Amino acid sequence: MTIEHLKSKIGGVTGIPWSIAEGNRRTPSVVRARWIMLYALQHYCPWMSLQEMAEVICRECHGTVMHGIRKANELYAYDENFKAQVDAVLERE
């Protein structure tokens with residue numbers, strides 16, 4: 001699955017167009033869309049560095065990616081809505 005395809009699927013699942021997610025907004029729904037992307041990148045592209053993942057979500061700092069991955073893993077374990085969104089993105093067509 002390509003990164004462009006992931007961006008499209010995340011937009012469809014969350015209702016947040018990727019053009020918004022890659023912007024500067026920090027609303028919870030936009031941040032969750034970025035976290036879904038990080039979770040998906042971990043799944044599909046385990047070879048990617050933290051800096052490469054930061055570039056995909058249009059951030060400069062790998063620390064943002066580390067925090068996002070940690071939060072995404074926590075939410076996946078405890079938040080049924082987040083888990084359903086992630087599963088819908090990871091689902092193969």
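Run the numbers for Ala77 and Gln51: contour at 0.36 nm per residue of separation, minus the present Cα-Cα distance, in nm. Kindly include the intermediate steps, with their values, before the conclusion.
Numbers: separation 26, 0.36 × 26 = 9.36 nm, distance 2.50 nm.
6.9 nm is the gain from fully extending Ala77 to Gln51.
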field: Dipole of region 1-84, positive direction: furthest Cα of Val65, Met48, Ile16, with charges on the beta-carbon
entry: Ile16
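Using a 10 Å cut-off on Cβ atoms, rank the peptides 27-36, 58-67 from the highest mean neighbour count down.
Details: 27-36: 18.7, 58-67: 14.1.
With the highest mean Cβ count within 10 Å placed first, the list reads 27-36, 58-67.
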task: Could you check the simple spin-label distance between Thr64 and Arg26, using points 7 Å along Cα→Cβ, in nm with one decimal?
output: 1.1 nm
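Work out the length of the dipole vector of the chain about its Cα centre, built from +1 on the beta-carbon of each Lys and Arg and -1 on the beta-carbon of each Asp and Glu, and round it to the nearest 20 debye. Before the final figure, lay out the partial values.
Numbers: 11 positive and 11 negative charges, 50 e Å.
Dipole magnitude for the chain comes out near 240 debye.
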query: Sorting Lys9, Lys71 on the 10 Å Cβ count, fewest up front, what's the list?
result: Lys71, Lys9
task: Excluding residues on the same chain fewer than 8 positions from Lys9, give the aspartates and glutamates whose Cα lies under 13 Å from its Cα.
output: Asp87, Glu91, Glu93
statement: At 4 °C and 1.567 mPa s, the Stokes-Einstein diffusion coefficient in µm²/s for region 3-90, with hydrodynamic radius from the Kirkwood sum on alpha carbon pairs, is 103 µm²/s
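Throughout, read-outs are computed from the coordinates displayed, never taken from laboratory work. A quick note: this is a predicted structure, and the numbers were derived from the prediction, not measured. All Cβ positions, even for glycine, are placed from backbone atoms using ideal geometry, and neighbour counts span all protein chains on display.
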